[in-house]
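The values are calculated or read from the model by the stated rules, or taken from the named source; none is laboratory data. Remember, predicted model here, so these are calculated numbers, not experimental data. Positions of Cβ are backbone-derived with ideal geometry, glycine not excepted, and every protein chain shown enters the neighbour counts. Quick note on the areas: whole protein, heavy atoms, side chains included, nothing else; ligands and nucleic acids left out. Shrake-Rupley method; radii C 1.70, N 1.55, O 1.52, S 1.80 Å.
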Amino acid sequence: MTDLPLNHQERIRVPTTSARLAVASCAAASICTSAALADASFSLLATELSSGVPWLKPGVPIPISQDGKVVFPTEAFDTFADGLHSWQAGVLTPINIGASSLDLVNSIAVRSAGDVAFVAARGSPGGSYRGVYRTTTSAGPITTYHEDLQEDGSPAARFVAMSENGTTAFSTIVSSAGSLQRGPIGGSPSVLRSGSGIFYNTQRLDVNDAGTVAVQMEHTRPFGGLGRGILAFDTPEQPLTSNRTAIEQTSVGVQPMPSMNSSGQIAFS
């Protein structure tokens, strides 16, 4: 099962009114709590079909850094090819990923230092390769963090996360093949957990500065069959019995999306 974006040929867009991208903030508060929601305000970041912004892609989660940098995906009017825009303090910066033959973005991460990691396809329409790529909010050079050849059926990156100190995590685990990987955004990733007959099909994940990776995935249940949960990985190849969990052994149809803070607390719905 995958959650990758549609291929070029399958993309159909019927323009109606312009969509808008906004960010919420709470007056005199760094975190919106239920008591503060009445004071929430919204700042407009971008309007679709305006100021050089083409169509927005609401199906891709939009990250925000601790200092308010936002990176969001767009889709070209004529070719339907994906691009990126960054926003900070009212300034929009286009990031031309098409110049590197990249398309089909489905996951983005950003940190205050300006590093951006994103999952995309590279090559022919639909992508001969899929991987995690690096750039910056100022549209710096695009480089490859990790890449897999798709034509040979290799598992490919699905979702990426990055903490404020640049610790980056992604997973290629589909069925029981592939791996969960972690590393510094300025270096190279290494395998944190291999897919196996115990660990299967990853979805959304998050990582903090300590390097803990919380990932929603399927796993074998003690009483048989596959369950789904949010498992926390700290050390390479730790067994299922060593994992801390936020939730576990649910039906495979229950797919909570984790978010984790620097203390290792995990929130999900």
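The residues of region 240-255 that are open to solvent by 70 Å² or more (accessible area, probe 1.4 Å) and either under 15 Å from T202 (Cα atoms) or among the β-branched types (V, I, T) (or both), listed by number, are T241, E248. For region 67-87, what are the residues that are open to solvent by 70 Å² or more (accessible area, probe 1.4 Å) and either of a type in the set (V, I, T) or within 16 Å of the chain's Cα centre (by Cα) (or both)? Within region 67-87, just T79 meets the criteria.
Being in contact with a Leu (Cβ under 9 Å, 6 or more places away or on another chain) and crowded, with 22+ Cβ neighbours inside 10 Å: is that true of P258 here? The answer is yes for P258. Where strands (runs of 3 or more DSSP E) fall entirely within region 155-269, those with at least 3 residues that are more than 20 Å from the chain's Cα centre (by Cα) are at 244-250. For the criterion of being out of contact with any Lys or Arg (no Cβ under 7 Å at 6 or more places or on another chain) and either at pLDDT 90 or above or of a type outside the set (A, V, I, L, M) (or both), T143 fails. Taking (1) surrounded by fewer than 23 Cβ atoms within 10 Å (Cβ to Cβ); (2) of a type outside the set (S, T, Y); (3) closer than 28 Å to V105 by Cα in turn, E237 satisfies each apart from (3). Among the residues making up region 173-188, those that are at pLDDT below 95 and either β-branched (V, I, T) or over 14 Å from M217 (Cα atoms) (or both) are I173, V174. Only one of the numbered conditions (1) part of a strand (DSSP E or B); (2) open to solvent by less than 40 Å² (accessible area, probe 1.4 Å); (3) touching a Phe, Trp or Tyr at 6+ places or on another chain (Cβ under 8 Å) is not met by V60, and that is (1). One residue stands out in region 148-196 among those that are touching a residue at least 60 places away in the same chain (Cβ under 8 Å) and open to solvent by 30 Å² or more (accessible area, probe 1.4 Å): the one that is nearest to V213 (Cα to Cα), namely E164.
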